[in-house]
1. Out of all Cα-Cα pairs in the chain, roughly what percent, to the nearest whole number, are more than 20 Å apart?
2. By the scheme Lys and Arg +1, Asp and Glu -1, what is the net charge of all other residues having a beta-carbon under 11 Å from that of residue 61?
3. May I ask for the net charge around residue 23, where only other residues with Cβ less than 15 Å from the Cβ of residue 23 are counted and Lys, Arg are +1 while Asp, Glu are -1?
4. For n ≥ 4 DSSP H runs only, could you compute -39500 (n - 2.57) per run for the chain, divide by its residues and tell me the 222 nm figure to the nearest 500?
5. What does the net charge come to around residue 48 if you take all other residues with beta carbon closer than 13 Å to its beta carbon, with K and R at +1 and D and E at -1?
6. Residue by residue through region 38-54, what is 3J(HN,Hα) from phi via Karplus (6.51 cos²θ - 1.76 cosθ + 1.60, θ = phi - 60°)? Round to whole Hz and write x for glycine and proline.
7. What ³J(HN,Hα) values, in whole Hz, does the Karplus curve 6.51 cos²θ - 1.76 cosθ + 1.60 give for region 171-182 when θ = phi - 60°, with x put for Gly and Pro?
Amino acid sequence: MSFILIEREDKPVRLRGNRVIPSTITVHNKDGLILGDYVGFRSRLQVKLINYGGMILAAPEAKYAYKLGNLIPATLSEEVVHCHTSELFVREEELLTVREYSFSVIHTEHMNQTYDEITTSMWIPGNIYVGQEQELLSWIKISTQEMVVIGMIISGEDHDGAVAFVPTMDSSKIISIRGIQCMH
């Protein structure tokens, strides 16, 4: 399992004699997380996931965004202070399967009511479907029209508009995506 770093403290704190960084991460399924070593996709920085779990209390206007982002508290090793937020961390064996994509067009019914400014600025975990098949675990950030994907490479084709992103935490909020381009 993988996670994206959403925010972190700037300075380490001491916990049981170790210097650690309290952080917030987004995951597909917290039960699938494994404590241990992870590698940053962009930074190649190695960090250790020491602990995770608990609850984040969001302001009323951000509750849905926090739910959709599946945000959880985490304790990471102090090396994480050297990387930026929005870094995707994966197990080393997954590193070569990660790709970054941009997209140019999105469509969903009731877009403005569902995806407000807070929600569109967050990384949202979900699955990419091409046609009727589940293809890839991914995260999408609507405001910057980018996504990170673990798994099979998507070609630059539009697939006749049949690419859909289904959020992990609310499968009724499907987004159709077009103009997908690999960023590297």
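1. Numbers: 8890 of 16836 pairs.
So the pairs more than 20 Å apart make up 53 percent of the total in the chain.
2. Details: positive: 63; negative: 116, 117.
Around residue 61, the charge tally is -1.
3. Its environment carries a net charge of -1.
4. On the way: 3 runs with 15 residues, N = 184.
Taken over the chain, the calculation gives -1500 deg cm²/dmol.
5. Numbers: positive: 19, 91; negative: 37, 78, 79, 92.
Result for the local shell: -2.
6. Calculated HN-Hα couplings, in order: 9, 10, x, 4, 7, 7, 6, 6, 8, 10, 10, 7, 8, 7, 7, x, x Hz.
7. Per residue, the Karplus-derived 3J(HN,Hα) values read 5, 7, 9, 5, 10, 8, 10, 9, x, 6, 9, 5 Hz.
Values in this text are rule-based calculations from the coordinates and carry no lab data. Please read these numbers as outputs of a predicted model, since none were measured by experiment. Using ideal geometry, Cβ is built from the backbone for each residue, glycine included, and neighbour counts are taken over all protein chains shown.
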